[in-house]
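Below is one structure, written out as structure tokens; the observations come after it.
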2 protein chains.
Amino acid sequence: MPDTLTISLPNLPNTIGLLAGGAIGGGWAARFVLNGVNVRLYDPAPNALDRVSQQVNNARRAYSRLLSVALPPEGSLTLVDSIGDAVKDVELVQESAPEDLKIKQKVLAEASKLASRETLICSSTSGLRPTALQSTVTYPERFLVGHPFNPVYMLPLVELCAGEETSPESMNRAAEIYQAVGMRPLVVRKEVDGFVANRLQEALWREALWLVHDEVATVEEVDDAIRFSFGLRRAINGPFRMAGGGDGMRRYMEQWGPMLQWPWSKLSEVPGLTKDFLDKLASQSDSREAVSSAELEQQRDDCYVAVLQGLRSQGYGAGALIEDWENTLRARSPQLTSGEVAVETLTLQMPSDWVDSNGHINESRYLEVFSKATGMLEDQLGAQGEYKVVHGSYYTVETHLSHLGELFPGDHITVLTQILDADKKRLRIFHTLTREGDCKPVATAEQMLIHVDATSRRACAAKGAVRERVFELARIHAGIPRPARAGASIQMR
Amino acid sequence: MPDTLTISLPNLPNTIGLLAGGAIGGGWAARFVLNGVNVRLYDPAPNALDRVSQQVNNARRAYSRLLSVALPPEGSLTLVDSIGDAVKDVELVQESAPEDLKIKQKVLAEASKLASRETLICSSTSGLRPTALQSTVTYPERFLVGHPFNPVYMLPLVELCAGEETSPESMNRAAEIYQAVGMRPLVVRKEVDGFVANRLQEALWREALWLVHDEVATVEEVDDAIRFSFGLRRAINGPFRMAGGGDGMRRYMEQWGPMLQWPWSKLSEVPGLTKDFLDKLASQSDSREAVSSAELEQQRDDCYVAVLQGLRSQGYGAGALIEDWENTLRARSPQLTSGEVAVETLTLQMPSDWVDSNGHINESRYLEVFSKATGMLEDQLGAQGEYKVVHGSYYTVETHLSHLGELFPGDHITVLTQILDADKKRLRIFHTLTREGDCKPVATAEQMLIHVDATSRRACAAKGAVRERVFELARIHAGIPRPARAGASIQMR
């Protein structure tokens, strides 16, 4: 089979130059290096390389969780001694110097003088106009603004803004390169201070400051007001999207437009909602695919669920709130049952973000569920908390997982757990996973657990009450019919 | 065992009354009914009940995906003929009539006249002042604004705003009730038009309109500028949070404050950054837990990953972008070095949050790793992308996982994969996981995969080039010594 290690996409450069390695420059370094591009960094600060390397480490960690494919071989990160070294033989130079016109002009002047004529020169400025930055650039047609967002290796948007002398070819080439490293280039149609995203962010930021200034809310309360409400929307859609297609937009503006006249904002200036302007809004929305509002609603809900599930996995913000809510709900839902039957160790509902590329719950989630069930059993045996610290705990040494069906998001499942065999050190158990209202197993897992000493981490006998409960439950479960799959091995029959 | 189904939390009402069943009223109905509260709805519109029922259905579907506990028995939804019927014998009345002061005053006047004195009366108004609404309310001390966000059953924030005559007891009781149905009450400190969240939303909305009006960006571009950049931040944190604790806030304002003076926004008014105001911002931020910026960075990254993974599971927005990016990465990811040895399918570093209560990497993460390795093998066999859609893909039907050692955060691991047997439909493989610089296996996994048809989801023969590659690689691997554990079963020896 072909060795593609040497193949690199046509629109991906081999080497780029970075000027300044702060929060933004370091983020650029991380994104390019991990995408397999060599980076030549110029930053006179003494600890520049450490700070940038830390960002590359953060990004490597984040990508290993975010991406389901292996990253290509990493590019090199080289700290160089001068602007000249940084821009030599590179296809793109990204300047991320402090937001000071004079400083940036000086850096860009030297970089463009020393770089070869073909080298693209881009500035990360958050809001300075490209034409002003361009004034000191040699061959200014290859200069443009490529404005990213912190953390650069995480947030995909990069705003491209042309100055008066920027060539279309330069804009296209830059867009290609940014896209090749996983970013979303957005071309700003008019040269304005702050471009698009920062104008929007600034408007929000100013209003937030007013609310604190006027003591309507505290800093914490302003943040919460956003992240528990429309902030969740903004990860999914911008404010226009909610209106839907062309006519939807017209109706939306007719309904909400008048409110813009209300004194809701310190900042009262607002464009007149003339017929021409409404037509423009509507026509620009017409281009969007027509989706029935019912479809829109469910698509919207699925996105909310997915975002909330994500935050919940971090125990953060609106996600943490859901856990609190569930605890109040759990207080009103049924308890585990034990006795002359297998122990019901777990009931759960399949989250929507457990789906894999086959459109069903991924295999690894089954072991995540069975692992939780094993944990519940250990809790019932008393092998938990204090006991784990003082004596030891059960480690899984083998698992035989069998998939007999598929699970999908929203499915309610139950896990029944049976002890097959037990001795002083070992516990052999069998989990059966069924879908609510269907006794046919969807999956089973046979597991061998070994009791391990808390300090030596070597196998040792279970202690006192735990051992007694293990033997007691094993005795009870000896009365339950043995699952057919117990003791099975994987064979091509 | 006590039957907990009948227990209802003290702060949860048995029945509430809803006035008007539009988008907001219907959302309230869904949230309360699914939390086990009976709802009496008054809405004269002919199809009111259908519209509201549709929202309850949407919410039932969304909750089944969002929550991992079973919902309590649903409350009843009853359409009644008059405001009097809706407010009779209920603990809370929620008014969601059109945003028109006169209409709301009329509805609230009648509702408060007919409700018992203890009944809380709340308005869902998006911005009208409670004191104005309160003027027609009988016993006005039990009236307040409880402003939710659409969809009410999904977004947790509810803004509580007191009018001049509202009693603290009413505010507390309302907060208890909203919290009991999974919401996040936020008390607005001063009575202002638009409260907190809508003032912030309006500021963003106005600036968005200006950008389209001035042709800096189209409707679509404004939305993209948000959802591919800071919109992703806002689901996690508000704008202040990024600054971190007190001193961080001071530094943040010193760094970014001056930019507020730049002409970045059409709406140029901004509070003066006086010493007093900066002190207020800093002191209000002091209350936040002090986290080192390194910790902040990783917590932030984990939240971004979680949110992006969520959107990706929906193939939506920034999540869809990641898939495109992965496809370009896949084209460049290191090809499996096949030959007379097992293929190297994966190298990975163990993330710190994969640890379980035993202080080592949790068992389920091993299958997560082996599942990725299997995915890489499938990519190599060409069972990916187009093929998955048109023909089919390999499903894992059995896994035998053996733990021979422990893994800890930061460990670099490699997975070697060997094909044991293959026929037209089946693929039996063996993964060996080793820690970097140590050939002794830490874990192994034997897996049986079956090729499943894309449409029927039934077992079927692999097609064309994929089948050829399977047999080719199987032939090569037949020359590799068979792992000792292949075909083993779990036994108490």
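The values are calculated or read from the model by the stated rules, or taken from the named source; none is laboratory data. If you're wondering where the values come from, they're calculated on a predicted model, not measured in any experiment. Glycine also receives a Cβ, built like all others from the backbone with ideal geometry; neighbour counts cover every protein chain displayed. The protein model used for the area step is the full one, side chains on, heavy atoms only, and it has no ligands, DNA or RNA in it. Shrake-Rupley method; radii C 1.70, N 1.55, O 1.52, S 1.80 Å.
Residues of the range B:184-213 that are more than 7 Å from every other protein chain (Cβ to nearest Cβ) and surrounded by fewer than 24 Cβ atoms within 10 Å (Cβ to Cβ): B:Pro185, B:Val187, B:Glu191. Being of a type in the set (Ser, Thr, Tyr), touching a residue at least 24 places away in the same chain (Cβ under 8 Å), facing another protein chain (nearest Cβ under 10 Å) and touching a strand residue (DSSP E or B) at 6+ places or on another chain (Cβ under 6 Å) holds for only one residue in B:Ser402, B:Ser352, and it is B:Ser402. When you scan the range A:136-169, how many residues do you find that are in contact (Cβ under 8 Å) with a residue 24 or more places away in the chain, buried (at least 22 other Cβ atoms within 10 Å of the Cβ), of a type outside the set (Phe, Trp, Tyr) and touching a Leu at 6+ places or on another chain (Cβ under 9 Å)? The total comes to 16. Is it the case that B:Glu176 is more than 8 Å from chain A (Cβ to nearest Cβ) and in a loop (DSSP other than H, G, I, E, B)? No; evaluated as a whole, the condition is false for this residue. When the residues of the range A:93-104 are filtered to those that are in a helix (DSSP H, G or I) and farther than 22 Å from A:Tyr178 by Cα, which remaining residue is farthest from the chain's Cα centre (by Cα)? The selected residue is A:Lys102. Counting only strands (runs of 3 or more DSSP E) that sit wholly inside the range B:389-472, those with at least 3 residues that are basic (Lys, Arg) are B:426-435. The set of residues in the range B:35-55 being in contact with a helix residue (DSSP H, G or I) (Cβ under 9 Å, 6 or more places away or on another chain), surrounded by fewer than 23 Cβ atoms within 10 Å (Cβ to Cβ) and assigned to a helix (DSSP H, G or I) consists of B:Ala48, B:Arg51, B:Ser53, B:Gln54. Beta carbons closer than 8 Å, at least 6 apart along the sequence or on distinct chains, pair a first residue in the range B:228-253 that is hydroxyl-bearing (Ser, Thr, Tyr) with a second that is modelled with pLDDT under 70 for B:Tyr252/B:Met242; B:Tyr252/B:Ala243; B:Tyr252/B:Gly244.
Residue-by-condition table, conditions (1) among the hydroxyl-bearing types (Ser, Thr, Tyr); (2) in a loop (DSSP other than H, G, I, E, B); (3) under 16 Å from A:Val222 (Cα atoms); (4) at pLDDT 85 or above:
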site	(1), (2), (3), (4)
B:Leu200	no, no, yes, yes
B:Asp224	no, no, no, yes
B:Met249	no, no, yes, no
B:Lys266	no, yes, no, no
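Residues of the range B:426-453 that are β-branched (Val, Ile, Thr) and within 11 Å of chain A (Cβ to nearest Cβ): B:Ile429, B:Thr444, B:Ile450, B:Val452. For the range B:134-151, enumerate the residues that are in contact with an Asp or Glu (Cβ under 7 Å, 6 or more places away or on another chain) and polar (S, T, N, Q). Selection gives B:Gln134 alone. Selection over the range A:454-478 of residues that are surrounded by 14 or more Cβ atoms within 10 Å (Cβ to Cβ) and either in contact with a Pro (Cβ under 7 Å, 6 or more places away or on another chain) or within 13 Å of another protein chain (Cβ to nearest Cβ) (or both) gives a count of 4. For the range A:403-425, a residue qualifies if it is farther than 20 Å from A:Pro351 by Cβ and surrounded by fewer than 20 Cβ atoms within 10 Å (Cβ to Cβ), and the qualifying residues are A:Leu404, A:Asp421, A:Asp423, A:Lys424, A:Lys425. Looking across the range B:411-425, the residues that are facing chain A (nearest Cβ under 10 Å) and touching a helix residue (DSSP H, G or I) at 6+ places or on another chain (Cβ under 8 Å) come down to B:Leu420, B:Asp421, B:Ala422.
Would you point out which residue out of A:Glu386, A:Glu363, A:Glu378 is more than 8 Å from every other protein chain (Cβ to nearest Cβ), open to solvent by less than 40 Å² (accessible area, probe 1.4 Å) and not hydrophobic (A, V, I, L, M, F, W, C)? Being more than 8 Å from every other protein chain (Cβ to nearest Cβ), open to solvent by less than 40 Å² (accessible area, probe 1.4 Å) and not hydrophobic (A, V, I, L, M, F, W, C) holds for just one of A:Glu386, A:Glu363, A:Glu378, which is A:Glu378.
One line per residue, one yes/no per condition, for (1) at pLDDT below 65; (2) open to solvent by less than 20 Å² (accessible area, probe 1.4 Å); (3) more than 28 Å from the chain's Cα centre (by Cα):
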| position | (1), (2), (3) |
| --- | --- |
| A:Trp325 | no, yes, no |
| A:Thr328 | no, no, yes |
| A:Ser333 | yes, yes, yes |
| A:Ser338 | yes, no, yes |
| A:Asn358 | no, no, no |
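Going through (1) part of a helix (DSSP H, G or I); (2) modelled with pLDDT under 85; (3) of a type in the set (D, E, K, R); (4) out of contact with any Leu (no Cβ under 7 Å at 6 or more places or on another chain) one by one, B:Glu378 falls short only on (2). Filtering B:Val90, B:Val158, B:Val107 for residues that are assigned to a loop (DSSP other than H, G, I, E, B), at pLDDT 95 or above and hydrophobic (A, V, I, L, M, F, W, C) leaves a single hit, B:Val90.
Scanning the range A:281-303 for residues that are open to solvent by 40 Å² or more (accessible area, probe 1.4 Å), out of contact with any Pro (no Cβ under 8 Å at 6 or more places or on another chain), charged (D, E, K, R) and modelled with pLDDT of 70 or more returns a single hit, A:Glu295.
Conditions tested, residue by residue: (1) touching a His at 6+ places or on another chain (Cβ under 7 Å); (2) under 28 Å from B:Ser371 (Cβ atoms); (3) among the hydroxyl-bearing types (Ser, Thr, Tyr).
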position: A:Tyr394; (1), (2), (3): yes, yes, yes
position: A:Lys424; (1), (2), (3): no, no, no
position: A:Ile450; (1), (2), (3): no, yes, no
position: A:Ala462; (1), (2), (3): yes, no, no
position: A:Gly479; (1), (2), (3): no, no, no
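Among residues of the range B:300-328 that are at the interface with another protein chain (Cβ under 7 Å from one of its Cβ atoms) and under 20 Å from A:Tyr178 (Cβ atoms), those with a Cβ under 6 angstrom from a residue that is outside any helix (DSSP H, G or I) and among the aromatic types (Phe, Trp, Tyr), sequence gap 6+ or separate chain, pair up as B:Ala318/B:Phe228.
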